[in-house]
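In what follows, a structure is listed as structure tokens, so that the remarks can point back to it.
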Amino acid sequence: MTHGAFAEVFAQKVNFATGLDARIKIVFTVAALAINLLAPNISTPIAIATFCLVTLLAIKVPPILILVRLAMPLVMAVVVLITQIFFYGVTPLLTISIWGWHLVGHVEGLAHGVLIMCRVLAGVSLILFLSLSTPANKLLLAARWFRVPRTFTELALLTYRYIFVLIEEVTSIKEAQKVRLGYCNWRQSMRSLSTLGGSLIFRAYDRAERVFEAMSSRGYAGTMPISYRTGLDGRDRLAASCLAVLLLAFYLVGRLTI
């Protein structure tokens, strides 16, 4: 589960979601995010979140992994909900007395806070749908097709690749320290953590030098040949049409339930 939470295990599997062209999924995600932000009520965000979460469950993403990734955004959304209840609106809903202070909750604040919370849930669900169904290399190739600056895509590709290398370095160093009782007490743990951080910086610098030398020996001249040359087939066009209809449905759900 830990490996799946950080790596793209599920994006590498073969199913209807991962087989869809990355450019189509990016356009769908961006358009759905815009519709979500402009939604006048909670109907549209709930519909978007339901679609994304059902799709993730359909491609066998564990529910616990989805909950782990949703946990922090939802905590922040709950904080926003609480602040909206007490600082937005005029119609009293409840009163809380704390040490002589009287906090008044408002009906309008509750409605507005729930709307923001649903928007957060829908937005995070869309990002999860995109990230858990699309490998990082395809996302960056699609970004290059959309004319994202080459420098950004190259740096993002190298950063994504070596994040996991550094995680492996941290794991190996920490396991070696544990074998030598480096975390037997609080003082020793702090000393081991400082040693781990210093060692990681030196290893990262050393690896960067070796990677640059290896790339230069293979003809690297400052840019990488990154381009998206795959065309859209009939299945992709059909999927794009279905997603366009789905976007229209998301928009109409919010407008018709006002």
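The values are calculated or read from the model by the stated rules, or taken from the named source; none is laboratory data. Not measured: the values here are computed from a predicted model. Here the Cβ positions follow ideal geometry from the backbone for every residue, glycine too, while neighbour counts run over all protein chains shown.
Residues of the range 83-112 that are surrounded by 14 or more Cβ atoms within 10 Å (Cβ to Cβ) and either touching a residue at least 40 places away in the same chain (Cβ under 8 Å) or under 20 Å from residue 123 (Cβ atoms) (or both): 84, 111, 112. Of all residues in the range 117-130, those that are at pLDDT below 95 have Cβ atoms under 7 Å from Cβ atoms of residues that are of a type in the set (D, E, K, R) and part of a helix (DSSP H, G or I), 6 or more apart or on another chain, in 128/69; 130/25.
With respect to the stated conditions, residue 206 is part of a helix (DSSP H, G or I) and exposed (fewer than 11 other Cβ atoms within 10 Å of the Cβ). Taking the range 47-67 as the range and being closer than 17 Å to residue 245 by Cα and among the aliphatic types (A, V, I, L, M) as the test, the residues that pass are 47, 48, 49. Kindly indicate whether residue 197 is at pLDDT below 85, out of contact with any Phe, Trp or Tyr (no Cβ under 6 Å at 6 or more places or on another chain) and either closer than 30 Å to residue 23 by Cα or surrounded by 10 or more Cβ atoms within 10 Å (Cβ to Cβ) (or both). Taking the combined requirement at face value, the residue does not satisfy it. Listed conditions (1) in a helix (DSSP H, G or I); (2) under 20 Å from residue 140 (Cα atoms); (3) free of Cβ contacts under 8 Å to residues at least 12 places away in the same chain are all met by residue 9, apart from (1).
Scanning the range 83-121 for residues that are touching a Gly at 6+ places or on another chain (Cβ under 6 Å) and within 21 Å of residue 36 (Cα to Cα) turns up 84, 108, 109. Would you be able to say whether some residue in the range 7-24 is of a type in the set (A, V, I, L, M, F, W, C), over 16 Å from the mean Cα position of the chain (by Cα), modelled with pLDDT of 90 or more and closer than 26 Å to residue 233 by Cα? Yes, because at least one residue in the range 7-24 is of a type in the set (A, V, I, L, M, F, W, C), over 16 Å from the mean Cα position of the chain (by Cα), modelled with pLDDT of 90 or more and closer than 26 Å to residue 233 by Cα.
Restricting 82, 116, 127 to those that are under 30 Å from residue 224 (Cα atoms) and among the β-branched types (Val, Ile, Thr) reduces the list to 127. Only one entry of 20, 65, 74 meets the criterion of being in contact (Cβ under 8 Å) with a residue 12 or more places away in the chain, assigned to a helix (DSSP H, G or I) and within 26 Å of residue 140 (Cβ to Cβ), and that entry is 65.
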